[in-house]
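S.K.: Supplied in structure tokens, the structure appears directly below.
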Amino acid sequence: MRVLFVCLLLLLAGCGSGGQQQGFQLTASLVADDVTLRWSGAPADAAYLMVEYATEKNGEYTILDFLPPDRREFQHPDLMPATTFYYRVTPLTAPPGEAATARRQPQEIQLTWTDTSTDEDGYLLERRRTAQPAEVAAYLDPNTTTFNLPLLPTDQPATYYPRPFRRGMPSPITHETIPPA
């Protein structure tokens, strides 16, 4: 009886928020043909936040960017008129990894590493340059142990760290419709 009473109290306490959803929240605002996304409540243990969009509610999502966990806003500019865009933000947890072995080729860098994770959703290939924040250079499939990264003429020397990641619970989906031109 005591367990039932405690469960009932916990259930009622959860309902006392006035019907507002707790946790990760995402909103979108539209100015002309630009959408600004804002969020709050992202998990504190996220290594990156993956921002994605689709043009159908249950469609295939496309990655827009990987943002550091302290970012709370993203701009998606110059969008196609008369189109609805659906958005979500997914936290990714990724323990620090060891630097990949790099072999420079004329047009690319061949990176290799040991897969030390058994249950990753994939790998984030993190690029670190001196005096610059780390950034995601590639999003890779699970169990990947080698990757040929194309080089651009503007690329500077960097160290690459493959980080096995796991997807967290995504934000609720939000959307905006771009008006006709």
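S.K.: Looking at the range 128-144 only, could you name the residues that are open to solvent by 60 Å² or more (accessible area, probe 1.4 Å) and either at positive phi or modelled with pLDDT of 95 or more (or both)? Before the answer, list the steps.
M.R.: Going through the range 128-144, the residues open to solvent by 60 Å² or more (accessible area, probe 1.4 Å) turn out to be 128, 130-133, 135, 139, 141, 143.
If the condition is that a residue be open to solvent by 60 Å² or more (accessible area, probe 1.4 Å) and either at positive phi or modelled with pLDDT of 95 or more (or both), then A131, Y139, D141, N143 are the ones that fit.
S.K.: Report yes if some residue within the range 17-35 is closer than 18 Å to R127 by Cβ and either assigned to a loop (DSSP other than H, G, I, E, B) or among the aromatic types (F, W, Y) (or both); otherwise report no.
M.R.: We begin by selecting, within the range 17-35, every residue closer than 18 Å to R127 by Cβ; these are none.
There is no residue in the range 17-35 that is closer than 18 Å to R127 by Cβ and either assigned to a loop (DSSP other than H, G, I, E, B) or among the aromatic types (F, W, Y) (or both).
S.K.: Something else now. Tell me yes or no: at least one residue of the range 97-105 is closer than 17 Å to L49 by Cβ and either of a type outside the set (D, E, K, R) or modelled with pLDDT under 95 (or both). Spell out the reasoning first.
M.R.: The first filter runs over the range 97-105 and keeps only residues closer than 17 Å to L49 by Cβ, leaving none.
No, the range 97-105 has no match at all.
S.K.: Moving to a separate point now. Would you check if A138 is out of contact with any Ser or Thr (no Cβ under 9 Å at 6 or more places or on another chain), assigned to a strand (DSSP E or B) and of a type in the set (G, A, S)?
M.R.: yes
S.K.: Can T118 be described as over 18 Å from the mean Cα position of the chain (by Cα), open to solvent by less than 50 Å² (accessible area, probe 1.4 Å) and of a type in the set (S, T, Y)? Spell out the reasoning first.
M.R.: Details: over 18 Å from the mean Cα position of the chain (by Cα): yes; open to solvent by less than 50 Å² (accessible area, probe 1.4 Å): no; of a type in the set (S, T, Y): yes.
No: the conditions fail for T118.
For (1) among the hydrophobic types (A, V, I, L, M, F, W, C); (2) touching a residue at least 12 places away in the same chain (Cβ under 8 Å); (3) in contact with a helix residue (DSSP H, G or I) (Cβ under 8 Å, 6 or more places away or on another chain), each residue gets a yes or a no:
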{"site": "E73", "(1), (2), (3)": "no, yes, no"}
{"site": "A100", "(1), (2), (3)": "yes, yes, no"}
{"site": "Q105", "(1), (2), (3)": "no, yes, no"}
{"site": "Q132", "(1), (2), (3)": "no, no, no"}
{"site": "D141", "(1), (2), (3)": "no, yes, no"}
{"site": "T144", "(1), (2), (3)": "no, yes, no"}
{"site": "P150", "(1), (2), (3)": "no, yes, no"}
{"site": "D155", "(1), (2), (3)": "no, no, no"}
{"site": "R166", "(1), (2), (3)": "no, yes, no"}
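S.K.: Kindly list the number of the only condition in (1) free of Cβ contacts under 8 Å to residues at least 24 places away in the same chain; (2) within 18 Å of A47 (Cβ to Cβ) that fails for T116.
M.R.: It fails just one condition, (1).
S.K.: Next question. Does the range 162-176 contain at least one residue that is open to solvent by 30 Å² or more (accessible area, probe 1.4 Å), assigned to a loop (DSSP other than H, G, I, E, B) and over 25 Å from R71 (Cα atoms)?
M.R.: no
The values are calculated or read from the model by the stated rules, or taken from the named source; none is laboratory data. On a predicted model such as this, the values are computed, not experimentally measured, just so you know. Glycine gets a Cβ as well: all are built from the backbone with ideal geometry, and neighbour counts include every protein chain shown. Calculation scope for accessible area: heavy atoms of the full protein, side chains included, ligands and nucleic acids excluded. Shrake-Rupley method; radii C 1.70, N 1.55, O 1.52, S 1.80 Å.
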